[in-house]
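The values are calculated or read from the model by the stated rules, or taken from the named source; none is laboratory data. Worth saying up front: this structure is predicted, and the values here are computed from it rather than measured. Positions of Cβ are backbone-derived with ideal geometry, glycine not excepted, and every protein chain shown enters the neighbour counts. Note: areas computed on protein heavy atoms with side chains; ligands, DNA, RNA excluded. Shrake-Rupley method; radii C 1.70, N 1.55, O 1.52, S 1.80 Å.
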Amino acid sequence: MTVDIRNLGFRYGNTPVLRAISFRLDPGRFHALLGPNGAGKSTLFGLLTRLLALQQGEIRIAGTSLARHPAAVMGQIGVVFQHSALDPDLTVRQNLAYHAALQGLSRREARRRGDRELARFGLLERANERVRQLNGGHRRRLEIARALLHRPSLLLLDEATVGLDPASRAALNSHVRDLCRERALTVLWATHLIEEIRPEDRVLILHRGRLRADGTGQALCRALGGRDLADTFRTLTGGD
Ligand SMILES: Nc1ncnc2c1ncn2[C@@H]1O[C@H](COP(=O)(O)OP(=O)(O)OP(=O)(O)O)[C@@H](O)[C@H]1O
């Protein structure tokens, strides 16, 4: 499913945070949104998920305008925010059931889909445990499982690995790549960690509210003469 962002701009008060950003996401592909702290990644996610009201520009998902047809478009988006949105006092299965009810799924269908996702994420045997008993990596997996319950074709993840140890970070990252491949999901993975990006990924580099580069890591290094993506990123962002 394609995502088209055209001339997107956003200000908090008088401070511009996104400046005339345009890009397109390819269907069924993993895209990394790379930017240092404060680049505007979460603001962009806020606009894509309608937590923030559009001020300038246009967002089209599968050809449909988000501003004009919000319900239809939002039904195609799954999102994992930077900060956990799970209820730690509910069980794993209750957290899924609550989200499914908000999405209008019947209890039976919710249980069926929920258990399938939990099995997929290796969490089925933890289904009746309270979320506060899970470690950080399992919590993030549960958040992704929850984001997939309504079968979106676009998955947005805002710094999904924050707070995880390196091994859990790498496992979560490759898990999302497997999902992307198996379900033809379009993925936008926001991060400030270069090690989460592979050379063949499409990389969008955001810095101080501007899109500074868009291409595969390999192509960006070739075009900008960097030794590797880290070097290219430093050149573009001045080491911020
Ligand atoms: N509610 C707000 N009011 C005013 N300024 C804000 C608000 N939220 C974010 N900002 C500012 O907007 C800029 C972009 O922030 P944003 O959170 O979108 O960046 P980010 O790339 O997600 O950074 P991080 O990785 O630190 O979350 C920053 O300078 C931030 O201080």
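For the chain, the antiparallel share of DSSP beta bridges with both residues in that region comes to about 55%. Here the Debye sum runs over all C-alpha atoms of the chain as equal scatterers in vacuum, and log10 of I(q)/I(0) at q = 0.11, 0.12 Å⁻¹ comes out as -0.58, -0.69. Taking amide hydrogens as placed 1.01 Å from N in the peptide plane, the amide H of Leu52 sits under 5 Å from those of Leu47, each at least 5 positions away in sequence or on another chain. Computed extension gain for Thr216 through Asn7, at 0.36 nm per residue and net of the alpha carbon distance, reaches 73.1 nm. Taking only protein heavy atoms and a 1.4 Å probe, the accessible area of segment 169-240 is 48% carbon and sulfur.
Each residue of segment 197-212 was assigned a 3J(HN,Hα) from its phi angle through the Karplus curve 6.51 cos²θ - 1.76 cosθ + 1.60 (θ = phi - 60°); the sequence is 10, 9, x, 8, 5, 6, 10, 10, 9, 10, 8, 6, x, 10, 7, 8 Hz, with glycine and proline shown as x. Contact order for the chain, expressed relative to its length and based on alpha carbon pairs under 8 Å spaced 6+ residues apart, stands at 27 percent. For the pair Asn37 and Arg107, the difference between a 0.36 nm per residue extended length and the Cα-Cα distance amounts to 21.2 nm.
Extension gain, Met74-Glu129: 0.36 nm per intervening residue step, less the Cα-Cα distance, totals 16.8 nm. Here's how it looks for Val79: its modeled amide H is under 5 Å from those of Leu156, which are all 5 or more places away or on a different chain. Relative contact order of segment 1-144, taken over Cα pairs closer than 8 Å and 6 or more residues apart, is 20 percent.
With a 1.4 Å probe rolled over the protein heavy atoms of all chains, the accessible area of Met74, Met1 falls in the order Met74, Met1, largest first.
Enumerate the residues in segment 185-212 having an amide nitrogen under 14 Å from the point lying 7 Å beyond the Cα of Ser22 toward its Cβ. What the label zone holds, given the 14 Å backbone N cut-off, is 211. With a Förster radius of 35 Å applied to the C-beta separation of Arg181 and Gln55, the computed FRET efficiency comes to 0.50. Across the alpha-carbon atoms of segment 29-101, the computed radius of gyration and Dmax are 14.8, 41 angstrom.
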